[in-house]
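Trainee: Below is a structure I'd like to ask you about.
The values are calculated or read from the model by the stated rules, or taken from the named source; none is laboratory data. Quick caveat: nothing in here was measured; it's all calculated off a predicted structure. All Cβ positions, even for glycine, are placed from backbone atoms using ideal geometry, and neighbour counts span all protein chains on display. Side chains are part of the model used for accessible areas, which takes the heavy atoms of the whole protein and leaves out ligands, DNA and RNA. Shrake-Rupley method; radii C 1.70, N 1.55, O 1.52, S 1.80 Å.
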Amino acid sequence: MNLMKNKIILMMSGQGSNVRAICQFDGHYEVAAIITTNIETYQSLRNDIDDNIPIIVANKKSYHDQFEYALLDTIRLYGGKDLKVLALCGYKYILSPMFLSCMNGSDIDVVNIHPSLLPKYKGFYGSRIHDIVHYNQDEEHGITIHRVTDDVDSGEVLFQRKILMYDEDDTAWIEHRIHRLEHAYYPFVLDKL
């Protein structure tokens, strides 16, 4: 019986709620590292995440046009040859074709979670989506977990879950409901890759 767990690396720019959910999930993967572009979340992550999981702060401004090369080096260093998945968790930057080609050439799945039912609200991110859903009085909303390609938010859909919207839902409540879906399902989908 093979007890080896798949290695994954998490990349984030936000507050890290999906990262926390993934790290707390007892799945068939091992979080090899967390890369964050948000220095302000480092300490709270460090307090919440197992000390054995490295958290790397990647400052995009420090690297200028070399940022993705630095990311690739970091991913290779912490993921090694056993890395299976690079999971984006509220990562706000668009990855270049060069970066994605390097990942795909290494047989590394790059996946993202999007807080809408793609293709609806493609290219939007964060609470802006929930503002639009509320403003448009959408009847349903949800999450999409998909593979990342050169075409933003257009990769193969791995999973979608929808919820019905209610008249009394305000933007904050919509965001709360979507976060609950993300935390419940993203770890499970990653576990199946």
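Trainee: For region 167-180, state whether one or more residues are more than 21 Å from Ser17 (Cα to Cα) and open to solvent by 20 Å² or more (accessible area, probe 1.4 Å). Write out each step before concluding.
Mentor: Our first condition is that a residue be more than 21 Å from Ser17 (Cα to Cα); within region 167-180, this holds for 167-169.
Still in the list and also open to solvent by 20 Å² or more (accessible area, probe 1.4 Å): 167-168.
Yes, region 167-180 contains a residue that is more than 21 Å from Ser17 (Cα to Cα) and open to solvent by 20 Å² or more (accessible area, probe 1.4 Å).
Trainee: Among the residues of region 77-120, write down those that are more than 22 Å from Thr36 (Cβ to Cβ), in contact with a strand residue (DSSP E or B) (Cβ under 8 Å, 6 or more places away or on another chain) and at pLDDT 95 or above.
Mentor: Scanning region 77-120 gives Ser116, Leu117, Leu118.
Trainee: Sticking with this one: Those residues that are surrounded by fewer than 15 Cβ atoms within 10 Å (Cβ to Cβ) and either more than 17 Å from Ser13 (Cα to Cα) or not small (Gly, Ala, Ser) (or both), I need them from region 107-130; list them, please.
Mentor: Asp107, Pro119, Lys122, Arg128
Trainee: Across region 97-109, what is the number of residues that are within 16 Å of the chain's Cα centre (by Cα) and either under 18 Å from Phe188 (Cβ atoms) or among the small types (Gly, Ala, Ser) (or both)?
Mentor: Counting residues in region 97-109 that are within 16 Å of the chain's Cα centre (by Cα) and either under 18 Å from Phe188 (Cβ atoms) or among the small types (Gly, Ala, Ser) (or both) gives 1.
Trainee: Return the total of residues in region 8-26 being open to solvent by 40 Å² or more (accessible area, probe 1.4 Å) and either in a loop (DSSP other than H, G, I, E, B) or among the hydroxyl-bearing types (Ser, Thr, Tyr) (or both).
Mentor: Total satisfying the criteria: 4.
Trainee: Restricting the search to region 181-193, which residues are at pLDDT 95 or above, surrounded by 14 or more Cβ atoms within 10 Å (Cβ to Cβ) and among the aliphatic types (A, V, I, L, M)?
Mentor: Leu181, Val189, Leu190
Trainee: Say we look at region 69-87 and pick out the residues that are closer than 23 Å to Leu158 by Cα and open to solvent by 10 Å² or more (accessible area, probe 1.4 Å); which of these is farthest from the chain's Cα centre (by Cα)?
Mentor: Per the criteria, the residue is Asp82.
Trainee: Can you list the strands (runs of 3 or more DSSP E) lying wholly within region 84-193 that have 3 or more residues being without any contact (Cβ under 8 Å) to a residue 40 or more places away in the chain?
Mentor: On the way: elements: 109-114, 140-147, 157-164.
Counting at least 3 such residues, we get 140-147, 157-164.
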